[in-house]
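Below is one structure, written out as structure tokens; comments come after it.
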Amino acid sequence: MYDAGKIIIGLIIFLAFATFPFYSNMGKAVAKPDPKLNTPVIQQMKVKQCVESKKFMRAKHMQLLINWRNAALRRGERLYKGSDGRITEISLQNQCLRCHSNKRNFCDECHNYVAVNPYCWDCHFYAPKEANNEH
């Protein structure tokens, strides 16, 4: 037991490094996202319904957008038949952003919460139609 002091110091240093992420983030919890659905287009809709159900879109919207990209760019398909049978145009900018025109208060709410950086905007240009109304 000649090295007991060194072992104890080593354990203390190890525990300090191992628990540092927990202590450094303590009290920094981010509020649950609350995406805003109050855009002019959505407000004018009699039936507020997306191309798929709310449950589906929350869980699988990125997979839907990837499938749309592959269908439109690789197979030339421009129409999507939803699970309810409705046919809509395959287009992020003309379909999704028509209703969800406030990217900062809709898309970014959840994406920032889960710390993801979607690559949609690598190809798509986001020009907010409500830029003058967002304050």
Sole residue being hydrophobic (A, V, I, L, M, F, W, C), surrounded by 14 or more Cβ atoms within 10 Å (Cβ to Cβ) and under 26 Å from residue 30 (Cβ atoms), chosen from 90, 42: 42
Count of residues meeting criterion [among the polar types (S, T, N, Q) and closer than 30 Å to residue 109 by Cβ] in region 1-31: 2
Count of region 53-70 residues which are in contact with a strand residue (DSSP E or B) (Cβ under 9 Å, 6 or more places away or on another chain) and either of a type in the set (A, V, I, L, M, F, W, C) or surrounded by fewer than 13 Cβ atoms within 10 Å (Cβ to Cβ) (or both): 2
Residue within region 85-96 that is in a loop (DSSP other than H, G, I, E, B) and among the acidic types (Asp, Glu) present: no
Verdict on residue 99 being within 28 Å of residue 123 (Cβ to Cβ), in contact with a Cys (Cβ under 8 Å, 6 or more places away or on another chain) and not charged (D, E, K, R): yes
Region 99-120 residues that are without any contact (Cβ under 8 Å) to a residue 60 or more places away in the chain and over 13 Å from residue 37 (Cα atoms), paired with ones that are among the basic types (Lys, Arg) and surrounded by fewer than 17 Cβ atoms within 10 Å (Cβ to Cβ) (beta carbon under 6 Å, 6 or more apart): none
Region 15-33, residues that are loosely packed, with under 10 Cβ neighbours inside 10 Å and either in contact with a Gly (Cβ under 7 Å, 6 or more places away or on another chain) or not hydrophobic (A, V, I, L, M, F, W, C) (or both): 21, 23, 24, 25, 27, 28, 32
Total residues in region 37-80, condition assigned to a helix (DSSP H, G or I) and touching a helix residue (DSSP H, G or I) at 6+ places or on another chain (Cβ under 6 Å): 2
Which listed residue is under 20 Å from residue 120 (Cβ atoms), surrounded by 10 or more Cβ atoms within 10 Å (Cβ to Cβ) and either under 23 Å from the mean Cα position of the chain (by Cα) or of a type outside the set (Lys, Arg) (or both), from 73, 79: 73
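Taken together, the values in this text are just the output of simple stated rules run on the coordinates, not laboratory data. Worth saying up front: this structure is predicted, and the values here are computed from it rather than measured. A quick note on method: Cβ atoms are made from the backbone with ideal geometry, for glycine too, and the neighbour counts reach across all protein chains shown.
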